[in-house]
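Some notes on the structure that comes next.
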Amino acid sequence: MKTKLVGNLTAKKMNEQGHIELTFSFDNYRYDAYARDLEKKEYSIELSEKKSKRTNQQNKYLWALIHEITQNENAPRHNDWEMYLYLLVLAEAKYCIVEVQEDAEELLISAVRACRKLYYTIKPDGRKMSVIQVFDGSSTMDTKQMAKLIDVTLNMASELGIDTTYYIDFLR
């Protein structure tokens, strides 16, 4: 059985044998069934901080605003995805440059998503290579990076005359 539980660490201590004991509290009543089924045996436990729902919600509103920007006739891009990449550049999002054979370009783009083709090069052996900028997407950004992307997006919208009042409450 593999189960993901979300809870709060409430205590940590050393027991008599010198082992660490962690105590978590869970406020989801559905977890009671999991707890009842647990046996005294060894488990593999993976801990990570819970992502803020606000971040997921921010992402939804960010994409809604990006879409609204692309509908503006004066927008620099009229496709949501192209606008997102453009905003990543303006926000100075982290990226790396990779070079792939031209026939593997679509494979990379479909796998990575947040990337854009910069130019082509020809290798001495005649192979045509695509040079691609691969970004850290908003889902992997820390709070500071996400804040910069949000600011750049809000500024773009304001410059285009889009009322951002509605978005500011949710994005900041």
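Each value in this text was obtained by applying a stated rule to the coordinates, not by laboratory testing. Since we're looking at a predicted model, the values are computed, not measured. Quick reminder, even Gly has a Cβ in these numbers, built from the backbone with ideal geometry, and neighbours come from all protein chains shown.
Computed from backbone phi with θ = phi - 60° and the Karplus coefficients 6.51, -1.76 and 1.60, the 3J(HN,Hα) list for segment 157-170 is 4, 4, 4, 8, x, 7, 6, 9, 3, 4, 6, 4, 4, 8 Hz; x is used for glycine and proline.
Treating each Cα of segment 39-109 as an identical point scatterer and summing with the Debye formula, the log10 of I(q)/I(0) at q = 0.13 Å⁻¹ comes to -0.66. Simple rule: put +1 on each Lys or Arg Cβ and -1 on each Asp or Glu Cβ in the chain, find the dipole, and look at ASN79, LEU47, ASN15; the Cα lying farthest toward the positive end is ASN15. Computed about its Cα centre, the charge dipole of segment 53-171 is approximately 340 debye, with only Lys, Arg, Asp and Glu carrying charge at their Cβ.
Take the chain and mark each of the chymotrypsin sites (Phe, Trp or Tyr not before Pro) that is in a DSSP loop with at most 16 other Cβ atoms within 10 Å; the longest unmarked stretch, sites excluded, is 44-172. Helices in the chain, meaning DSSP H runs of at least 4 residues, each add -39500 (n - 2.57). Divided by all residues, the mean residue ellipticity at 222 nm is -12000 deg cm²/dmol. Each 5 Å bin from 0 upward holds the following percent of the Cα-Cα pairs of the chain: 1, 7, 12, 13, 12, 10, 9, 10, 9, 8, 5, 3, 1, 0, 0. Out of the GluC sites (Glu not before Pro) in segment 1-92, which ones are loop residues according to DSSP with at most 14 other C-beta atoms within 10 Å? Filter output for segment 1-92: GLU16, GLU39, GLU42, GLU46, GLU49, GLU73, GLU92.
Separation of segment 1-47 from segment 92-164 is 40 Å, based on Cα centroids. A Förster radius of 35 Å combined with the Cβ-Cβ distance from PHE26 to LYS148 puts the calculated FRET efficiency at roughly 0.50. Using 0.36 nm per residue and subtracting the Cα-Cα separation, the extra length available between ASN74 and LYS2 on full extension is 20.9 nm. Computed over segment 124-165, the percent of Cα pairs more than 15 Å apart is 62. Spacing of the modelled spin labels on VAL131 and ARG116, each 7 Å from Cα toward Cβ, amounts to 1.5 nm. Cβ under 11 Å from GLU68's Cβ, GLU68 left aside: what net charge do those residues give with Lys, Arg +1 and Asp, Glu -1? Net charge in that neighbourhood comes out at -2.
Computed log10 I(q)/I(0) for segment 102-153 at 0.19 Å⁻¹: -0.71, from the Debye equation with unit scatterers placed on every C-alpha and solvent omitted. If you run the Gaussian network model on the chain, springs between alpha carbon atoms under 10 Å, then out of MET146, MET156, MET129 the most flexible one is MET129.
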